[in-house]
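Taking it in order: structure first as structure tokens, then the write-up.
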Amino acid sequence: MSLNYLTPEFKVLRDYDKCINCKVCMRQCANEVHSYDEDLGKMVADDYKCVNCQRCVVMCPTHALTIVKHPQVFRENANWTYDAIRDIYRQAETGGVLLSAMGNDRPYPIYWDKMVINASQVTNPSIDPLREPMELKIFIGRKPDKIELDENLNVKTKMPPQLTLNYPIMFSAMSYGSISYNAHASLARAAKELGIYYNTGEGGLHKDFRKYGPNTIVQVASGRFGVDREYLKTAAAVEIKIGQGAKPGIGGHLPGEKVSEDISETRMIPVGSDAISPAPHHDIYSIEDLSQLIYSLKEATDYKKPVGVKIAAVNNVAAIASGIARAGADYIAIDGFRGGTGAAPKRIRDNVGIPIEFAIASVDSRLRSEGIRHTISLIAAGSIRSSADIVKAIALGADAVYIGSAALIALGCHMCQQCYTGKCNWGIATQDPNLVKRLNPEIGYKRLVNLITAWGHEIQEMLGGMGINDIESLKGNRLMLRGIGMTQKELDVLGILAAGE
Amino acid sequence: MKTIDAKDMHYKDLNEMIKELVNSGEDVINLKNVNGQRYIGDNLNGNTKINIEGTPGNDLAAFMDGLTIEVFGNGQDAIGNTMNDGSIIVHGHVGDVVGYGMRGGSMYIKSDAGYRVGIHMKQYNDKVPVVVIGGTPGDFFGEYMAGGCMIVLNLSNKKDIVGEYCGTGMHGGVIYLRCNDVEDYKLGKEVIKEEATEDDLKEISKYIKNFSSYFKYDYDKIMNHKFIKLHPAGHRPYGKLYA
Ligand code: SF4
Ligand code: SF4
């Protein structure tokens with residue numbers, strides 16, 4: 001390694017009393033941290049290369065390894081932090097834009113954690129979900145202005161196309177290319193098993209996964225990778241990707257070295273070619289243009305499939321959402337500034353966009369005040385970490401949520417935030433066949449099914465506690481929330497009262 | 001052969017009729033009095049020939065996978081959006097973002113084209129989209145172009161054969177301009193400019209032949225001119241951007 005000013009971020013501690021020189025760590029670490037020193041007759045580690053992905057820690061048969069934050073410190077400085085200095089060294093060396101992955105990790109307030117959920121006491125008694133029916137099923141799509149019945153009380157009104165979800169949860173867009181074949185296989189199979197949907201992202205649909213079509217949402221982004229008749233025909237719904245929370249205003253870019261044979265076939269571009277999908281769709285400069293693409297896709301799918309639009313949560317999200325509803329979209333997915341990604345410029349990830357909590361509340365309020373809330377479903381995304389976050393999102397006004405990072409964590413992701421390096425030791429954000437096979441989709445899909453089933457039970461219990469037996473009755477029911485430790489302005493934007501009020 | 005009078009028809013009704021005919025294997029459909037109806041030919045496949053009299057609206061032949069559409073008039077925006085196969089012949093001029101993300105098939109425009117023609121055009125294996133423009137296109141011609149072949153003939157001998165930002169972000173495919181030279185400032189920095197060789201011209205001769213026969217031009221007259229070839233410097237235009 002050439003001389004640079006960087007110091008290691010992590011330190012690998014090896015308990016030599018436990019280490020049996022089995023070299024498992026050496027084989028498991030794609031970052032080549034561990035090696036066997038023949039002269040010393042023992043395992044050694046190059047701390048510089050460690051990204052703290054925990055793979056070796058988990059795999060070491062004698063539990064001899066611990067990774068710690070490197071004890072080496074700069075002189076204490078609250079302003080010039082270790083991160084700030086380190087970033088400057090890296091840029092001074094390379095002249096490049098800093099990359100990062102997964103979601104914004106800066107210590108911004110997390111508004112989910114400043115909201116608490118109501119429960120019934122004495123009056124309007126709570127419901128026991130173990131004994132009584134508790135509905136979690138929801139429908140994504142435009143709802144008619146009114147329902148008309150014929151004389152036999154059958155519904156006469158023609159319903160616009162809907163997606164039926166057994167849980168108010170879907171797996172958000174992650175492309176084949178940003179994540180592995182086995183990760184996609186796990187997501188697709190879990191979606192089918194659960195009666196929900198996964199999203200291909202903008203990298204096309206692998207031919208092996210066409211069988212999961214009825215549980216698949218396909219994306220159409222500016223690069224149009226893999227978009228053809230078959231793609232549109234196979235999908236249950238089509239999503240136009242305008243933006244994502246981790247990098248509002250920034251497009252997708254899969255570097256050529258990741259475009260392998262298989263990815264090339266799925267994206268329909270040559271091997272080794274950069275896959276660029278810039279943030280602006282250069283055919284969409286207005287709501288009218290967006291509407292044109294929405295209807296182009298509806299025509300292409302015979303008006304039988306919902307067409308949604310995904311945007312990042314930004315300052316004017318409410319006005320934009322209103323435009324999208326009026327443009328004819330069946331759902332809008334809003335991705336908050338903590339949303340994950342396989343690669344994003346670090347400064348964008350950490351500084352652009354707004355929290356999803358505010359975005360849902362203001363979009364829901366705006367659409368209600370304009371009398372068009374029923375014309376569009378609202379999907380919240382951008383770091384949903386638990387069933388409680390989901391209950392809060394729905395109470396703020398969402399119909400359902402998209403989970404991405406949480407799903408990957410269920411598959412084994414340890415949040416090392418190095419997805420863009422392509423060396424994910426957990427077989428998720430990589431195309432290296434030796435790493436990909438570490439993720440067994442047989443096990444992966446079951447872990448996802450477990451997670452969503454568990455969250456489903458928890459949501460039912462929280463609903464029951466509130467005396468509600470249908471998730472639809474929670475939607476936009478902000479009286480079920482109270483805020484703690486927020487300013488009056490924040491409470492107002494969220495449209496909730498303070499605890500005790 | 002079937003004829004539809006599209007006068008005062010909503011695009012949805014018109015397209016439904018067309019779709020039915022195409023799916024039933026109709027060989028020729030004549031559309032009369034077309035006046036701005038969008039999405040004609042959207043996501044259709046088959047071998048039908050559609051003749052259009054009038055001006056079809058935006059997104060003509062979007063996602064199209066087969067078919068031949070001949071427009072006896074002008075076209076509007078976004079013709080051939082994400083088109084996969086088939087061919088389009090327009091006896092007039094066309095609007096903006098024509099051939100967006102086009103992945104296969106061919107498009108012949110007799111006269112001029114608007115801004116952002118052929119952006120995100122791609123090719124994969126045997127699928128190589130082709131666009132031939134008899135007049136000249138506007139700015140951002142071939143922006144982000146990733147594959148395929150576009151040819152500009154400038155038969156009306158305009159001063160500027162392309163607008164500005166031609167081939168910006170180009171990382172695949174090839175552009176031929178029938179001219180003696182094109183100013184460097186008009187080209188994206190990712191583009192390499194050189195004179196087309198004999199072999200290059202042989203490569204495009206079949207497209208020029210098609211063009212000449214569709215619009216009744218003298219093939220030899222068109223070919224008896226210097227062509228400039230633009231191709232990308234690499235497949236990784238932004239490879240060195242990151243730390
Ligand atoms: S990068 Fe991961 S596998 Fe390698 S030493 Fe660090 S924690 Fe262990
Ligand atoms: S997906 Fe892999 S590379 Fe990305 S954060 Fe998780 S463990 Fe790290």
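The values are calculated or read from the model by the stated rules, or taken from the named source; none is laboratory data. All figures in this text were calculated on a predicted structure; none of them were measured in a lab. All Cβ positions, glycine included, derive from the backbone under ideal geometry; neighbour counts span all protein chains shown. Ligands, DNA and RNA are stripped out before the accessible areas are found, and what is left, the full protein with its side chains, is counted by its heavy atoms. Shrake-Rupley method; radii C 1.70, N 1.55, O 1.52, S 1.80 Å.
3J(HN,Hα) couplings calculated from phi for the stretch A:8-18 with the Karplus curve 6.51 cos²θ - 1.76 cosθ + 1.60 (θ = phi - 60°) are, in sequence order, x, 7, 10, 10, 8, 9, 10, 7, 5, 5, 9 Hz; Gly and Pro show x.
The separation of the stretch A:469-501 from the stretch B:108-180, counted between C-alpha centres, amounts to 55 Å. Each residue of the stretch A:383-388 was assigned a 3J(HN,Hα) from its phi angle through the Karplus curve 6.51 cos²θ - 1.76 cosθ + 1.60 (θ = phi - 60°); the sequence is 6, 8, 9, 7, 4, 5 Hz, with glycine and proline shown as x.
Place a point 7 Å from the Cα of A:Lys146 along the Cα-to-Cβ direction; which residues of the stretch A:361-389 have their backbone N under 18 Å from it? Only A:371-375 fall inside the zone, counting backbone N under 18 Å. Close amide-amide hydrogen proximity is noted between B:Val71 and B:Ile52, B:Ile89, B:Val90, B:His91, each under 5 Å apart and 5 or more residues distant or on a separate chain (H modeled in the peptide plane; Pro and chain starts excluded). Solvent-accessible surface (1.4 Å probe) assigned to A:Cys424 amounts to roughly 20 Å². Centre-to-centre, using Cα atoms only, the stretch A:184-211 and the stretch A:351-398 are separated by 25 Å. Here r is the Cβ-Cβ distance between A:Gln121 and B:Asp199 and R0 is 56 Å; the resulting FRET efficiency, rounded to 0.05, is 0.10.
Each Lys and Arg Cβ is given +1 and each Asp and Glu Cβ -1; about its Cα centre, the stretch A:10-96 then shows a dipole of about 260 debye.
Ligands, DNA and RNA left out, the accessible area of the stretch A:138-498 computed with a 1.4 Å probe is 52% carbon and sulfur.
Residue by residue, the stretch A:178-189 carries 3J(HN,Hα) couplings of 6, 10, 7, 4, 5, 5, 4, 4, 5, 5, 4, 5 Hz when phi is fed to the Karplus relation 6.51 cos²θ - 1.76 cosθ + 1.60 (θ = phi - 60°); x denotes Gly or Pro. Each of A:Ile67, A:Gln417, A:Ala101 was placed along the dipole of the protein assembly as shown (beta-carbon charges, centred on the mean Cα), and the one lying farthest toward the positive end is A:Ile67. Are there trypsin sites (Lys or Arg not before Pro) in the stretch B:102-187 that DSSP marks as loop and that have at most 15 other Cβ atoms within 10 Å, and which are they? For trypsin sites (Lys or Arg not before Pro) across the stretch B:102-187 that sit outside H, G, I, E and B with at most 15 neighbouring Cβ atoms in 10 Å, the list reads B:Lys158, B:Lys159. Shown for the stretch A:73-117: residues covered by the partner protein chains by 50 Å² or more of accessible area relative to the chain by itself (probe radius 1.4 Å), namely A:Val97. The listed residues A:Ser386, B:Ser156 rank as B:Ser156, A:Ser386 when sorted by accessible area, largest first, using a 1.4 Å probe.
When a/c reaches 1.5 or more, the comparison of a/b and b/c decides; with that in mind, is the stretch B:57-177 rounded, prolate or oblate per its Cα gyration tensor? Taking the square roots of the gyration eigenvalues as a ≥ b ≥ c, the stretch B:57-177 is oblate. The GluC sites (Glu not before Pro) of the stretch B:139-185 that meet both conditions, a loop assignment by DSSP and at most 14 other Cβ atoms within 10 Å of the site Cβ, are B:Glu183.
Largest accessible area first, the residues A:Lys137, A:Lys211 order themselves as A:Lys211, A:Lys137 under a 1.4 Å probe with ligands, DNA and RNA left out. Under 5 Å between amide hydrogens, built in the peptide plane, is the criterion, and for A:Ala312 it picks out A:Gly243, A:Gln244, A:Asp335 among residues at least 5 positions away or on other chains.
Considering only DSSP beta bridges with both partners in chain A, what is the antiparallel share in %, to the nearest 5? DSSP beta bridges in chain A are roughly 40 percent antiparallel. Of the GluC sites (Glu not before Pro) in the stretch A:84-178, which ones lie in a loop per DSSP and count no more than 14 other C-beta atoms within 10 Å? Answer by residue number: A:Glu148, A:Glu151.
For chain A, the percent of C-alpha pairs falling in each 20 Å distance bin, counted from 0 to the bin holding the largest distance, reads 22, 53, 23, 2, 0. Under a 5 Å amide H cut-off, with hydrogens placed 1.01 Å from N, A:Asp470 pairs with A:Glu135 among residues at least 5 apart or on other chains. Rounded to the nearest whole angstrom, the semi-axes of the ellipsoid equivalent to the stretch B:1-92, taken from the Cα gyration tensor as √(5λ), stand at 16, 15, 12, largest first. With the charge dipole of the protein assembly as shown set up from +1 on Lys and Arg Cβ and -1 on Asp and Glu Cβ about the Cα centre, the Cα lying farthest toward the positive end among the listed residues B:Thr3, B:Gly80, A:Ile376 is that of A:Ile376. Between 0 and 90 degrees, the angle of helix B:198-215 with respect to the longest Cα principal axis of chain B falls at about 30 degrees. Between 0 and 90 degrees, the angle of helix A:317-326 with respect to the longest Cα principal axis of chain A falls at about 50 degrees. Measuring nothing but how far apart in sequence close Cα pairs (under 8 Å, 6+ apart) lie, relative to its length, chain A scores a relative contact order of 19 percent. Considering all different alpha carbon pairs of the stretch A:1-111, the Kirkwood hydrodynamic radius works out to 16.2 Å.
For the stretch A:223-313, the Kirkwood hydrodynamic radius from C-alpha pairs, put into Stokes-Einstein at 20 °C and a viscosity of 1.002 mPa s, yields a diffusion coefficient of 149 µm² per second.
Towards the positive end of the charge dipole of the protein assembly as shown, with charges on Cβ (+1 Lys, Arg; -1 Asp, Glu), say which of B:Thr68, A:Ser291, B:Ser111 has the farthest Cα. With unit charges placed on the Cβ atoms, the residue in question is A:Ser291. Of the residues making up the stretch B:95-138, those losing 40 Å² or more of accessible area when the isolated chain is joined by the remaining protein chains, with a 1.4 Å probe, are B:Tyr100, B:Arg103, B:Arg116, B:His120, B:Lys122, B:Tyr124. Multiplying the residue separation of A:Glu132 and A:Leu40 by 0.36 nm and subtracting their alpha-carbon distance yields 26.5 nm. Chain B against chain A buries an accessible area of about 3500 Å², both chains summed, 1.4 Å probe radius. If a spin label sat at a point 7 angstrom from the Cα of A:Ala319 along the line to its beta carbon, the backbone N atoms of the stretch A:252-289 nearer than 20 Å would be those of A:280-281, A:284-289. Label reach from A:Thr487 (point 7 Å along Cα→C-beta): in the stretch A:338-373, no amide nitrogen lies under 12 Å. Of all beta bridges that DSSP places with both ends in the stretch A:10-96, some 100 percent have antiparallel geometry.
About the centre of its Cα atoms, the protein assembly as shown shows a dipole size close to 820 debye [charges on the beta carbon of Lys, Arg (+1) and Asp, Glu (-1) only; nearest 20 debye]. Take A:Phe209: with every protein chain present and a 1.4 Å probe, its accessible area is about 10 Å². Just check the stretch A:141-203 against the gyration tensor rule for me: Cα atoms, a ≥ b ≥ c as the square roots of the eigenvalues, rounded for a/c under 1.5, and otherwise prolate or oblate depending on whether a/b exceeds b/c. The shape class here is prolate.
Remark: accessible surface ordering of A:Ser186, B:Ser106 (largest first) is B:Ser106, A:Ser186, probe radius 1.4 Å. Treating r as the C-beta distance of B:Ser24 and A:Met159 and R0 as 30 Å, the FRET efficiency rounds to 0.60.
Partnerless cysteines in the protein assembly as shown, where a partner means another cysteine C-beta under 4.7 angstrom, comprise A:Cys19, A:Cys22, A:Cys29, A:Cys50, A:Cys60, A:Cys413, A:Cys419, A:Cys424, B:Cys149, B:Cys166, B:Cys179. Beta bridges from DSSP with both residues in the stretch B:128-243: antiparallel share about 45 percent, rounded to the nearest 5. Using the Cβ of A:Tyr402 as centre and a radius below 14 Å, the other residues enclosed give a net charge of 0, where K and R count +1 and D and E count -1. The shape of chain B comes out prolate: with a ≥ b ≥ c from the C-alpha gyration tensor, a/c is at least 1.5 and a/b beats b/c.
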